[in-house]
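The values are calculated or read from the model by the stated rules, or taken from the named source; none is laboratory data. Only a predicted model underlies this, so the values are computations on that prediction, with no experimental measurement involved. Neighbour counts run over all protein chains shown; Cβ positions are idealised from the backbone, glycine included. SASA here: full protein model, heavy atoms, side chains in, ligands and nucleic acids out. Shrake-Rupley method; radii C 1.70, N 1.55, O 1.52, S 1.80 Å.
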Amino acid sequence: MILVTGGTGFLGSTVIKHLIDDGQSVIALKRANSIIPAHLKSSSLIEWVDADITDYFSLADLFPKISQVYHCAAKISYHPQDAAEMFQTNIEGTKHIVNLCLLHQVRLLHVSSIAALGKNKQGLPVKESDKWEFHRKISNYSMAKYESEMEVWRGIVEGLDAVIVNPSVIMGVGPGEFGSRTIFERVFKGNKIYPLGSVGIVDVDDVAQIMLQLMASPISGERFILNGANISNQELLNKISELMNKPKPNIAASRVVLSMAWRLSKLASYLNGKRPALTKETARAANSKLMYDNGKISKALGYTFKPIDHTLEEVINTYYVKTN
């Protein structure tokens, strides 16, 4: 039997869809208040279980019948007030999954993140071998994902059969809510500003298919960057704008502008009681020039990633009405 954590999430639900399309039975974990995607509600191949991965005993009873785990559950946040919960979910939850996989000799596919990767000091695209190093400007999310990945490496040293994937920003069309909605919403509402940085993008179907292929392979004790394309924020926003028939952004948001913006956003949150739309961490990330090398996974599986234009077209044609 296959266990998928974070079953109602964007990636987790997509992994489940691929598994049941293959005719495989799945135990899918979700929180008690999570909404099951409509496309997955009626499948007889899925057993939905309410469980919190930070509660060891809510997981332990499931593992005697489990042979494979896709660990997709994680908390993603760049808000300082979420840090404690994020560290507990991502690190403590992963520790429980690793320990139970070791105890029951279960193969693990762990979803990490590019946030757990190091920087390339020559300015080249980041590879799996680039070392993560702590510094004062690093985000809480990066620290949480790095520490959770370290739990998997600890398990591998202790004999765990595991593979790690480090996806870049995941986009695409899945069974439920789609990822990176904020970017598309901003353009749809008439965004005029573009940050000066760059990002890596990968389609959710590529991530899910690679995960299934890695799980079925003899590969163990390895990590793989999953990145379909490197693109500047300006080019990405331009592409989305063209597909939506919206004006392209024409105001560059420099580091100074973003620094002022997150401070104003924080001030506004004090006044209106709402979460700031922009935080110090998201502002810093927006102007970072991020690039990732997908050569290792492409060579290992002979995999060809979906072009980013196809991903953007699918998202917009599925979730948005083009305007003239």
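The table below gives the values:
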| quantity | calculated |
| --- | --- |
| Single residue of region 184-209 satisfying the filter (out of contact with any strand residue (DSSP E or B) (no Cβ under 6 Å at 6 or more places or on another chain) and within 16 Å of His71 (Cα to Cα)) that is surrounded by the most Cβ atoms within 10 Å (Cβ to Cβ) | Ala208 |
| Only listed residue being touching a helix residue (DSSP H, G or I) at 6+ places or on another chain (Cβ under 6 Å), on the phi < 0 side of the Ramachandran plot and part of a loop (DSSP other than H, G, I, E, B), chosen from Gly174, Gly118 | Gly174 |
| Subset of region 162-183 [open to solvent by less than 40 Å² (accessible area, probe 1.4 Å) and without any contact (Cβ under 8 Å) to a residue 60 or more places away in the chain] | Ser180 |
| Hey, Leu103 buried (at least 18 other Cβ atoms within 10 Å of the Cβ), of a type outside the set (Gly, Ala, Ser) and at pLDDT 95 or above or not | no |
| Tally, over region 31-42, of residues that are over 20 Å from Ile170 (Cα atoms) and open to solvent by less than 30 Å² (accessible area, probe 1.4 Å) | 1 |
| Among (1) of a type in the set (S, T, N, Q); (2) under 20 Å from the mean Cα position of the chain (by Cα); (3) more than 14 Å from Tyr146 (Cβ to Cβ), the one test that Ser112 misses | (3) |
| Residues of region 55-67 satisfying the condition of being out of contact with any Asp or Glu (no Cβ under 8 Å at 6 or more places or on another chain) and open to solvent by less than 50 Å² (accessible area, probe 1.4 Å) | Leu59, Ala60, Leu62, Phe63, Ile66 |
| Among (1) of a type in the set (A, V, I, L, M, F, W, C); (2) at pLDDT below 95; (3) open to solvent by 70 Å² or more (accessible area, probe 1.4 Å) - the single one Ala74 does not satisfy | (3) |
| Residue within region 31-48 that is farther than 23 Å from Met215 by Cα and in a strand (DSSP E or B) present | no |
| Looking only at region 121-158, and only at residues there that are outside any helix (DSSP H, G or I) and touching a Leu at 6+ places or on another chain (Cβ under 7 Å), the one that is farthest from Glu281 (Cα to Cα) | Glu158 |
| Elements of type helices (runs of 4 or more DSSP H) contained in region 270-320, each with 2 or more residues being in contact (Cβ under 8 Å) with a residue 24 or more places away in the chain, surrounded by 18 or more Cβ atoms within 10 Å (Cβ to Cβ) and of a type outside the set (Lys, Arg) | 280-286, 308-319 |
